[in-house]
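Structure, as C-alpha cells:
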Amino acid sequence: MLILLAMPVVLVILFGFAITTEVNNVRLAVYAPSKDNLSRLITDRFDANPYFSIVDIVQSPADIDRLFRENKADVTLVFGEDFENNLMHTGEASVQLIVDGSEPNTATMMSSYTTGILATYQAELSAGSSAGGGFTVIPDVKLLYNPQMKSAYNFVPGVMGLILMLICAMMTSISIVREKERGTMEVLLVSPMRPISIILAKVVPYFCISAFNVVTIILLAVFVLKVPLTGSIFWISVISLLYIFVALALGITISSLVQNQVSAMLASAMGLMMPVMVFSGMIFPIENMPNILQWLSNIIPARWYIEGIKKLMIQGLSVEYVLKELAILSVMGTVLITVSLKLFKNRLE
C-alpha cells in the first residue's frame with residue numbers, strides 16, 4: 001500500500017520541484033574597479049533579475065578567489081578598468097565572467113544567462129545612443145576548476161557517493177536481516193560472541209570492499225577519465241572512510257527496523273537510492289530546489305560527502321575548507337551508530 005499510494009505522490013513532487021534543468025539563485029559577485037555609472041547600472045540589472053542574487057561587491061581580485069574557495073559565489077562579474085570611458089569613446093569594452101565550472105551543465109547555463117543579460121543591456125544602450133553608433137560589450141568567460149567542461153569532473157564524485165552508499169548501507173542491512181530471516185541470528189547470539197562482535201563481523205567485509213572501491217574509482221578517474229587529482233590524497237581518504245562509516249551505520253539501523261530481506265531491500269532502495277541521486281547534488285543543483293527540499297537535503301549524508309570530495313579532489317582546496325563537511329559526517333556517524341546499536345540489542349533481546 002505504501003508503494004501503491006505514496007510512491008506516485010513522492011515521484012510527482014520530486015520530478016516537479018527537485019528535478020529541473022533551470023538554474024535559479026545564481027550567486028553573483030561583482031568587481032568594478034572604476035565604480036562608474038554604467039557598471040553600476042549593469043549590476044542593478046543583474047540584481048533585478050530573479051535568477052541572480054548579488055552576494056558581494058568585492059574590492060580586490062584576492063576577494064574573488066576567497067569567495068570561490070569558500071563556495072560563496074557561482075559567478076563573478078569583473079568590469080575592466082575605465083569600463084564606461086572605453087565603451088563611450090571606443091564603442092567597445094570587455095567584461096570578464098569567472099564561473100565555477102565544477103558542474104559543467106550548471107556552468108554552461110549560468111554563462112548563458114549572464115551573457116544574455118549583457119547582450120540585452122548592450123542592445124538597449126545602442127538603441128538609445130544619440131550618436132547612432134553601436135556599443136559592444138565583450139564577455140570573456142573563464143571557467144574555474146574545469147576549463148575543458150568535462151562532465152567527468154562532476155560525475156566521478158557523485159558516483160563515488162552513490163556506490164559507497166549502496167554497497168555499505170544496502171548490502172549491510174540485507175546481510176544482517178538474512179541472519180534473522182533464516183533463524184541463524186539466535187544461534188549466533190547464544191554463542192560466546194557479543195552482539196557488537198557479530199555486527200563488526202558483518203560490516204568489516206563491506207568496509208574493506210568499499211575502501212577498495214574508492215581506490216578503484218580514483219584510479220579510473222585519473223588514468224582513464226583524465227580527471228585531475230588536485231587535492232590531498234590523505235584527506236580524500238579520510239572523508240571517504242568517514243562516509244563509509246556513516247553508510248554502514250545507516251545499514252545497521254535499517255536492519256534493526258525490519259525483519260526480512262524484501263523489506264530491507266525496499267527500505268534501502270526507496271530510502272537511499274532516490275534521495276542520494278536527487279538530493280545530494282549529484283545530478284541536479286540543490287540551489288535550484290524549493291527551500292523545503294533544500295532543508296531536506298541536509299540530512300542526506302551523500303550531499304556532504306560529494307561537496308567535500310569535490311572541494312578536495314576537483315578544486316584542490318585544503319582541509320580547512322571541508323571542516324564543515326567532516327564535522328557533519330562525524331555527527332551523523334556518531335548518532336547513527338549509537339541508535340543502531342541500541343535498536344539492534346533491543347530487538348535481539
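The values are calculated or read from the model by the stated rules, or taken from the named source; none is laboratory data. Given the structure is predicted, the values throughout are model-derived calculations rather than measurements. Ideal geometry is used to build each Cβ from the backbone, glycine not excepted, and the neighbour counts take in all protein chains shown. With ligands, DNA and RNA removed, areas are computed over all heavy atoms of the protein, side chains included. Shrake-Rupley method; radii C 1.70, N 1.55, O 1.52, S 1.80 Å.
Quick notes
- Annotation: amide H-H contacts under 5 Å for Thr136 (H modelled 1.01 Å from N, sequence separation of 5 or more, or interchain): Glu92, Ala93.
- Trp295, Trp304, Trp235, ranked by accessible area, largest first (probe 1.4 Å): Trp295, Trp235, Trp304
- Mean accessible surface per residue for the chain, computed with a 1.4 Å probe while every protein chain stays in place, in Å²: 48 Å²
- Across the range 53-64, rounded Karplus estimates of 3J(HN,Hα) from the backbone phi angles (6.51 cos²θ - 1.76 cosθ + 1.60, θ = phi - 60°) give 10, 6, 9, 6, 9, 6, 9, 8, x, 5, 5, 5 Hz, Gly and Pro being marked x.
- Candidate lysines - alpha carbon under 29 Å from Lys202, same-chain residues fewer than 8 apart omitted: Lys180, Lys342, Lys345
- Qualifying lysines (Cα of each under 16 Å from Cα of Lys226; at least 8 residues distant if same chain): Lys150, Lys310
- Length-normalised contact order of the chain in % [C-alpha pairs under 8 Å, at least 6 apart]: 18 percent
- When Rg and Dmax are taken over the Cα atoms of the range 165-277, they come to 16.3, 53 Å.
- Cys208 accessible area, assembled protein chains, probe 1.4 Å, Å²: 80 Å²
- The translational diffusion coefficient of the range 239-280, from Stokes-Einstein at 25 °C and 0.890 mPa s with a Kirkwood hydrodynamic radius over alpha carbon pairs, comes to 223 µm²/s.
- Pairs of C-alpha atoms in the chain farther apart than 36 Å represent 35 percent of all such pairs.
- With both labels modelled 7 Å from their Cα along Cα-to-Cβ, the Asp47 to Leu188 distance reads 6.2 nm.
- Listed residues Asn260, Asn49, Asn25, most fluctuating in the chain (Gaussian network, C-alpha, under 10 Å): Asn49
- Principal semi-axes in Å for the range 26-133 [√(5λ), Cα gyration tensor, largest first]: 25, 16, 11
- Once the Cα gyration tensor of the range 271-328 is diagonalised, semi-axes √(5λ) in Å: 21, 11, 11
- In this view, the solvent-accessible surface of Lys150, computed with a 1.4 Å probe and all protein chains in place, comes to about 70 Å².
- Overall form of the range 23-86 per C-alpha gyration tensor (a/c, 1.5; a/b vs b/c): oblate
- The Cβ shell under 13 Å around Lys202 holds other residues with a net charge of +1, Lys and Arg each +1, Asp and Glu each -1.
- In the range 82-157 the Cα-Cα distances spread across 5 Å bins starting at 0 as 3, 16, 21, 17, 13, 11, 9, 6, 3, 1, 0 percent of all pairs.
- Degrees between helix 233-257 axis and first principal axis of the chain (Cα, 0 to 90, nearest 10): 50 degrees
- Binning the alpha carbon pair distances of the range 212-349 at 5 angstrom intervals from zero yields the distribution 2, 9, 16, 19, 20, 16, 10, 5, 2, 1, 0, expressed in whole percent.
- The GNM of the chain, with springs linking C-alpha atoms under 10 angstrom apart, assigns the highest mean-square fluctuation among Val276, Val222, Val319 to Val222.
- For the range 310-320, putting each phi into the Karplus relation 6.51 cos²θ - 1.76 cosθ + 1.60 with θ = phi - 60° gives couplings of 5, 5, 7, 7, 8, 7, x, 7, 7, 5, 5 Hz, in residue order, rounded to whole numbers and with x for Gly and Pro.
- Of Ala107, Ala62, Ala29, the residue with the greatest mean-square motion in the GNM of the chain, using alpha carbon springs below 10 Å, is Ala62.
- Range of Cα positions in the range 66-199 per principal axis (Å), largest first: 94, 26, 22
- Our note on the geometry: Cα centres of the range 234-312 and the range 38-73, 32 Å apart.
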